[in-house]
1. Sort Y14, Y112 so the one with the fewest other Cβ atoms within 10 Å of its own Cβ comes first.
2. With a sphere of radius 10 Å drawn around the Cβ of Y112, what net charge do the other residues whose Cβ falls strictly inside it have (Lys, Arg +1; Asp, Glu -1)?
3. Taking R0 as 22 Å, what FRET efficiency do you get between W110 and I59 from their Cβ-Cβ distance, rounded to the nearest 0.05?
4. For every other residue with a beta carbon closer than 13 angstrom to the beta carbon of R90, add +1 if it is Lys or Arg and -1 if Asp or Glu, then tell me the sum.
5. Two decimals, Cα atoms only, Kirkwood Rh: what is Rg/Rh over region 3-106?
6. Each residue of region 87-95 in turn: what ³J(HN,Hα) in whole Hz from Karplus with 6.51, -1.76, 1.60 and θ = phi - 60°, glycine and Pro shown as x?
7. Beyond 20 Å between alpha-carbons counts as too far, so tell me which of K10/K37; K10/K46; K46/K119; K10/K103; K69/K108; K10/K108 fall in that bin.
Amino acid sequence: MPQIEQLLAKEGFYISPIVGFSMEPLLREGRDLVYIKRANGCASIKRGDVVLFRQENGIYVLHRVLQVKNGHILECGDNRYAFTIIPCERILGVMTHFNRKGKSRDVKDWRYRLYTGVKLVSGFFKRTLLPRARKTLRKENGQQAP
């Protein structure tokens, strides 16, 4: 069992610096730490949560949940347009708070919840309107839609 999963199983939480850019502007590499609490599949996961999961190739990813349905989540990074469906069994934990410049910020804080609401609305637009707009543009330009 990899070290992250061992720590979550033994301690019930995991603290990590951010690696990568998929959750910008909220979480930045080299600046922020995240606190991850062990999750039990999708039982406590809800829309808007930031979850840590392991991809099939073993890479760990921290992304936002856009939907929970039928034992799977639809997830996307705040700074991404590609969506992925992940089985709940791969979810390892959920972010409870993050640390920026020595100050802890809880996900229950109203400012964080406001940010999350904006991201979920923009996720809806990314998921529904953007593909339609691309299809329309391709059609107008005489290109075949993929």
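1. Values: Y14 21, Y112 18.
By the 10 Å Cβ count, ascending, the order reads Y112, Y14.
2. Values: positive: R105, K108, R111, R113; negative: D106, D109.
Cβ neighbours under 10 Å give a net charge of +2.
3. Here the calculated transfer efficiency is 0.10.
4. -3
5. Over the Cα atoms of region 3-106, Rg/Rh equals 0.94.
6. x, 4, 4, 8, 6, 9, x, 10, 5
7. K10/K46; K10/K103; K69/K108; K10/K108
Since every read-out is calculated from the coordinates, none of them should be taken as a lab result. As the structure is a computational prediction, the values presented were derived from the model and not from experiment. Methodologically, a virtual Cβ is constructed for each residue, glycine included, from the backbone with ideal geometry; neighbour enumeration extends over all protein chains shown.
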